[in-house]
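Peer 1: Dropping a structure here in structure tokens format, bear with me for questions.
The values are calculated or read from the model by the stated rules, or taken from the named source; none is laboratory data. Everything numeric here is computed off the predicted structure, so don't read it as measured data. Counting neighbours? That spans all protein chains shown, and the Cβs are built from the backbone with ideal geometry, glycine included. Just the protein is used for accessible areas: all its heavy atoms, side chains included, with ligands, DNA and RNA removed. Shrake-Rupley method; radii C 1.70, N 1.55, O 1.52, S 1.80 Å.
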Amino acid sequence: MGNETPARVVGYYVVFPVIPEETVENNCFMCNIAKSEDWPKLATAEPREMYEGTVRMLMDYGATVMEHMEHLATLPAEDRKFENVVDPLLTEEYEVNFAFQTLVLKMLTDWPDCNRKLFDADLHHIKIMCARDQMEKLTNKDFQDAIKQLYESKENGLSEWQSRLLEWYLLEIKASGLDKHDDKTRKVLGSWSKFIDEYRSKYITGVMSTNDQQTFVVNDKKIIKDAPPHILQKLAVDEQSWESGPWRGRMTPHTIYPFMQYCGDRQLRATAWEKWTSKAGFDHDFYNNSINIEELRHNNEGLAKTLGYASVAEHRLANKMAASPDTVRGFINALTRRIRPVVIDRMESWSAWASRCELITGELQAYDMPYVCRKEAEHHYDVNPLDLMNHFPFWPTFQNIVGVVGHIFNLEFKDITDKGYEKAHADARIYSVGDKFSGQHYGRLYIDPYDRQNKRGGWNVMLARPESKERGLDKIVYFIGSAVAPTANGPSLLHHQQLQQLLFHFGRSVQLLLSQSPYRDIAIPWSPFYASDWDAADMFPTFLQMFVTKPNLLATISSPHIITNQPLTEEHANSVALTISRASLWETYRTLFWSDFDLSIYEMEDRKQKFWLDMYKQMYEEYFPFKRNKNDYQPCSFTPIFALQPHMSMYYRKLWAEMLALDIHETFDEEDNEVQTGERLKTTVLNRGSGDVAKELFKRFQGRNPSVGAICDHYAPPLTLQEGMEMSENERR
């Protein structure tokens with residue numbers, strides 16, 4: 001609890017957890033899962049039953065793990081088999097995970113009104129409890145020895161999936177340092193980990209404590225007249241009055257970035273950006289995160305070196321698709337060489353437009369860029385995003401996406417909502433997904449599409465349960481949407497930002513459904529595990545998301561304008577696709593900057609070589625054409641790089657996923673046979689899940705390693721090449 005230790009300790013209290021009095025006899029939620037019933041009790045189970053039932057199942061599973069570890073200690077080596085070493089835990093894990101994922105679905109979509117802090121605490125604690133109990137087995141030496149023996153045995157009789165699961169366990173054990181059992185090393189690792197947790201907590205506290213120190217209020221709707229409904233809802237002071245306002249930007253990523261993108265008041269943008277970039281920096285005496293950054297660098301470096309790695313980056317990237325800091329460095333350099341000249345050239349267009357249309361005299365500044373880049377792109381191609389929404393009502397658009405994906409990958413999506421399945425909310429629909437030709441059933445998709453007052457979080461996809469042939473159960477995937485709900489005046493309409501969210505998360509759903517892994521841990525490369533190559537996890541979702549940049553696909557998934565009944569022509573679709581690509585250039589360049597900064601900070605073998613602020617100043621000057629504000633200390637609040645330990649050195653992954661996705665799109669274009677190419681992608685990559693390393697799966701599909709050519713051409717069109725900025729063949733590779 002952080003209390004001061006007394007000068008003289010005379011005894012201890014041992015406080016046991018309160019064990020819920022839930023059993024399969026008195027809890028219908030637990031009974032439903034224990035009996036392997038076909039569908040979860042999403043409506044008839046009370047929230048209390050679901051929460052306390054899940055807690056009880058997790059506690060029982062924790063006891064099972066302890067008992068099984070004691071059993072393994074007495075099990076002779078010659079008697080060890082997958083069936084008596086791993087299966088007993090997997091059997092109970094299956095049910096516990098199903099209960100947990102279903103509880104999370106219920107909590108996020110249909111939970112009783114309650115205090116937000118209490119809700120967040122309840123959700124956080126059960127997430128931690130679930131993760132801790134499932135990782136507990138990997139810390140046990142007897143379990144480690146047993147799975148190592150099974151994996152290395154020549155005649156182990158393991159299936160391909162069983163062998164891969166054991167390999168995944170062993171990689172996670174090694175990368176986490178759980179295989180170090182001598183007292184000295186354990187003590188050193190424990191010390192590093194303790195201080196990492198301490199300074200990570202201080203860093204997050206510094207960020208969270210400054211969230212509400214500044215707010216930026218807009219009372220006049222004309223100032224944010226371009227903002228679509230989902231942005232107005234985010235910014236509304238009162239969610240019930242999102243159309244009339246007022247609206248505000250808070251010091252959180254959730255609202256500050258939309259605020260910067262749509263606020264037409266330049267002075268307000270300037271103030272907001274100054275406060276945002278100085279957040280938790282040297283301007284704050286108590287919440288200055290500078291020392292916490294250096295302590296995090298120091299302790300993570302110490303941990304990595306104790307585990308045998310030269311740097312933090314080498315440790316984090318060891319099991320990723322990129323595999324090494326050198327590969328990521330080469331990737332970043334290739335993109336920078338292509339994209340930076342385009343950004344410099346585009347600055348002239350942005351400045352000219354801002355001077356002409358927004359009466360901005362003088363040079364553009366960092367706080368102008370999100371707003372100006374969006375507006376200039378829309379003006380350049382004469383696209384009205386608010387009117388464009390009339391071509392994308394939610395359910396017709398979803399059905400069109402289903403049709404396109406079904407055609408490319410030979411899939412059939414059948415609406416079975418009316419078959420009597422329980423739903424957490426009446427808006428939800430349920431689909432059965434199968435193969436058109438073979439008839440194979442992949443599973444069922446539960447989709448709850450709309451935002452609601454008691455709905456929490458944003459877009460999300462969860463694997464409720466994998467297929468279990470032993471239980472006679474199929475796979476279930478939960479898809480939580482956050483589209484603006486329909487009204488009496490019209491249907492739910494998707495802005496192109498939400499359309500991209502829909503495509504991405506539907507892609508994740510299909511990715512989970514098509515994975516043939518019988519084990520959750522290797523269904524796809526899950527974040528944030530060290531053993532998983534999750535820099536490639538978003539490849540397929542991003543592949544679908546990129547439909548918005550392909551005019552023919554964008555036109556195909558659109559519907560006739562709900563007012564004029566006119567179709568979205570391919571010419572108009574082409575303008576929309578170009579607008580989205582052009583408007584995203586600046587944000588992509590910022591992502592490139594942060595990817596470079598992230599890698600540069602953590603690839604150092606000695607963090608004392610350069611203070612974080614000196615590196616930030618130097619790189620800022622290299623990347624950006626305007627002067628850095630004197631109180632810009634943005635790394636002090638940049639949580640993706642410093643607050644999540646497994647994410648250190650991983651910021652490049654968004655661009656990496658785009659590279660893989662656009663490379664695949666290029667192959668579809670070159671082969672000009674979408675069904676044949678789609679079937680190959682399905683069988684070589686999607687069906688394998690995380691059954692092999694991502695690099696090998698990608699190579700089986702493409703016959704080669706990934707190329708940066710397609711992503712470079714996307715952000716720096718070939719016309720730029722003709723003007724003298726050529727790319728070597730090595731860069732394309």
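Peer 1: Working from the alpha-carbon coordinates of the stretch 34-136, get Rg over Rh, Rh being the Kirkwood radius.
Peer 2: Rounded to two decimals, Rg/Rh equals 1.07.
Peer 1: Compute the longest continuous run of the chain that contains no exposed GluC sites (Glu not before Pro); treat a site as exposed when its DSSP state is not H, G, I, E or B and it has at most 11 other Cβ atoms within 10 Å.
Peer 2: 471-722
Peer 1: May I ask you to work out the translational diffusion coefficient for the stretch 415-539 at 25 °C, viscosity 0.890 mPa s, via Stokes-Einstein with Rh from the Kirkwood sum over Cα pairs, reported in whole µm²/s?
Peer 2: The estimated diffusion coefficient comes to 154 µm²/s.
Peer 1: DSSP loop trypsin sites (Lys or Arg not before Pro) in the stretch 421-479 with at most 13 other Cβ atoms within 10 Å of their Cβ, which ones?
Peer 2: Taking the stretch 421-479 and a limit of 13 other Cβ atoms within 10 Å, the loop trypsin sites (Lys or Arg not before Pro) found are Lys436, Arg452, Lys469.
Peer 1: Hand me the trypsin sites (Lys or Arg not before Pro) from the stretch 191-290 located in a DSSP loop with no more than 11 other Cβ atoms within 10 Å, in residue order please.
Peer 2: Answer by residue number: Lys225.
Peer 1: Stick to Cα atoms and the Kirkwood definition of Rh, then tell me Rg/Rh for the stretch 324-417.
Peer 2: 1.18
Peer 1: Here is a follow-up. Count charges around Val383 for me, please; just the other residues with Cβ under 12 Å from its Cβ, Lys/Arg as +1, Asp/Glu as -1.
Peer 2: Once all neighbours under 12 Å are counted, the net charge is -3.
Peer 1: State, to one decimal in nm², a quarter of the convex hull surface area for the C-alpha atoms of the stretch 132-272, i.e. the direction-averaged projected area.
Peer 2: Result: a mean projected hull area of 14.3 nm².
Peer 1: When averaged across all projection directions, what area in nm² does the alpha-carbon convex hull of the stretch 358-481 cover?
Peer 2: Computing the convex hull of the Cα atoms and averaging its projections yields 12.5 nm².
Peer 1: Using Cα pairs closer than 8 Å and at least 6 residues apart in sequence, work out the relative contact order for the stretch 356-509, in percent.
Peer 2: With pairs under 8 Å counted, the relative contact order is 20 percent.
Peer 1: Distance between Cα centroids, the stretch 604-629 to the stretch 176-209: provide it in whole Å.
Peer 2: 27 Å
Peer 1: Under 14 Å from the Cβ of Leu103, count the other residues' Cβ atoms, weight Lys and Arg +1, Asp and Glu -1, and hand me the total.
Peer 2: 0
Peer 1: Now for a different question. Local charge sum around Val576 (other residues, Cβ-Cβ under 13 Å, Lys/Arg +1, Asp/Glu -1)?
Peer 2: -3
Peer 1: Here's a follow-up. Tell me the label-point distance for the pair Lys184, Asp238, using the 7 Å Cα-to-Cβ offset, in nm and rounded to one decimal.
Peer 2: The answer from the label model is 6.8 nm.
Peer 1: Quick one: with all protein chains in place, what share of the accessible area of the chain is carbon or sulfur, to the nearest percent (1.4 Å probe)?
Peer 2: 49 percent
Peer 1: With only Lys, Arg, Asp and Glu charged, each at its Cβ (+1 for the first two, -1 for the last two), find how big the charge dipole of the stretch 423-472 is about the Cα centre; round to the nearest 20 debye.
Peer 2: 120 debye
Peer 1: Report the full-extension gain for the segment Phe437 to Asp382: residue separation times 0.36 nm, less the Cα-Cα distance, to one decimal in nm.
Peer 2: The Phe437-Asp382 span can extend by a further 15.5 nm.
Peer 1: What number comes out for accessible area per residue over the stretch 425-525 if the probe is 1.4 Å? Units Å², please.
Peer 2: For the stretch 425-525, the solvent-accessible area averages 33 Å² per residue.
Peer 1: What value, in deg cm²/dmol to 500, does the helix sum -39500 (n - 2.57) over DSSP H runs of n ≥ 4 give at 222 nm once divided by the residues of the chain?
Peer 2: -16500 deg cm²/dmol
Peer 1: Would you list the P(r) distribution for the stretch 453-506, with all Cα-Cα distances sorted into 10 Å bins from 0 and each bin expressed as a whole %?
Peer 2: Pair shares across the bins are 20, 37, 26, 14, 3.
Peer 1: When the scattering of the stretch 560-610 is computed by the Debye formula from its Cα atoms alone, each counted once and equally, what is log10 I(q)/I(0) at q = 0.27 Å⁻¹?
Peer 2: -0.96
Peer 1: So, one more: State the dimensionless ratio Rg/Rh of the stretch 131-207 (Rg: radius of gyration of Cα atoms; Rh: Kirkwood radius).
Peer 2: When Rh is taken as the Kirkwood radius, the ratio is 1.11.
Peer 1: Taking the Cα-to-Cβ direction at Gln618 and at Arg248 and moving 7 Å from each Cα, how far apart do the two end points lie in nm?
Peer 2: 4.1 nm
Peer 1: Which helices pass in the chain if a helix is a full DSSP H run, must span at least 15 angstrom along its long axis by Cα, and must have mean Kyte-Doolittle hydropathy not below 0.0?
Peer 2: Taking the DSSP H segments of the chain (at least 15 Å long, mean hydropathy at least 0.0), we get 87-109, 394-409, 496-514.
Peer 1: Still on this model: With +1 on the Cβ of every Lys and Arg and -1 on the Cβ of every Asp and Glu, and nothing else charged, how large is the dipole of the stretch 244-399 about its Cα centre, in debye rounded to the nearest 20?
Peer 2: 340 debye
Peer 1: Moving to a separate point now. Hey, got the Cα dimensions of the stretch 204-304 along the principal axes, in Å, largest first?
Peer 2: Principal extents (Cα only, largest first): 52, 25, 19 Å.
Peer 1: Beyond a 29 Å Cα-Cα separation, which of these cross-linked pairs lie in this structure: Lys202/Lys305; Lys180/Lys320; Lys41/Lys194; Lys35/Lys682?
Peer 2: Where the Cα-Cα span goes over 29 Å, the pairs concerned are Lys41/Lys194; Lys35/Lys682.
Peer 1: What Rg and what Dmax come out for the stretch 659-700 when only alpha-carbon atoms are used, in angstroms?
Peer 2: Using the Cα atoms of the stretch 659-700, the pair Rg, Dmax is 10.3, 29 Å.
Peer 1: Another question, then. Per 0.36 nm of contour for each residue apart, how much would the distance between Val10 and Leu118 grow if the chain were fully extended, relative to their Cα-Cα spacing?
Peer 2: 35.4 nm
Peer 1: With only Lys, Arg, Asp and Glu charged, each at its Cβ (+1 for the first two, -1 for the last two), find how big the charge dipole of the chain is about the Cα centre; round to the nearest 20 debye.
Peer 2: The calculation lands at about 1160 debye.
Peer 1: If one computes P(r) from the Cα atoms of the chain, what percent of pairs lie at distances over 53 Å?
Peer 2: Cα-Cα pairs of the chain separated by over 53 Å account for 9 percent.
Peer 1: How much of Val548 can a 1.4 Å solvent probe reach, expressed as accessible area in Å² and rounded to 10?
Peer 2: 0 Å²
Peer 1: Can you give the Rg and Dmax of the stretch 477-595 based on its C-alpha atoms, in angstrom?
Peer 2: Computed over the Cα atoms of the stretch 477-595, radius of gyration and Dmax are 17.2, 53 Å.
Peer 1: Then there is this: In Å and on Cα atoms, what radius of gyration and Dmax does the stretch 640-684 show?
Peer 2: Considering the stretch 640-684 through its Cα atoms, Rg and Dmax are 15.5, 45 Å.
Peer 1: Specify the inter-centroid distance of the stretch 500-543 and the stretch 544-598, based on alpha-carbon positions, in whole Å.
Peer 2: Spelled out, the Cα-based centre of one part sits 23 Å from the other.
Peer 1: Also, quick follow-up: Please give every one of the lysines within straight-line cross-link reach of Lys630, meaning a C-alpha to C-alpha distance under 20 Å, and leave out same-chain neighbours fewer than 8 residues apart.
Peer 2: Lys275, Lys279, Lys610, Lys617
Peer 1: Let me ask you something else. Only sites in a loop by DSSP and with at most 11 other Cβ atoms within 10 Å count here; which trypsin sites (Lys or Arg not before Pro) in the stretch 120-177 make the cut?
Peer 2: Filter output for the stretch 120-177: Lys154.
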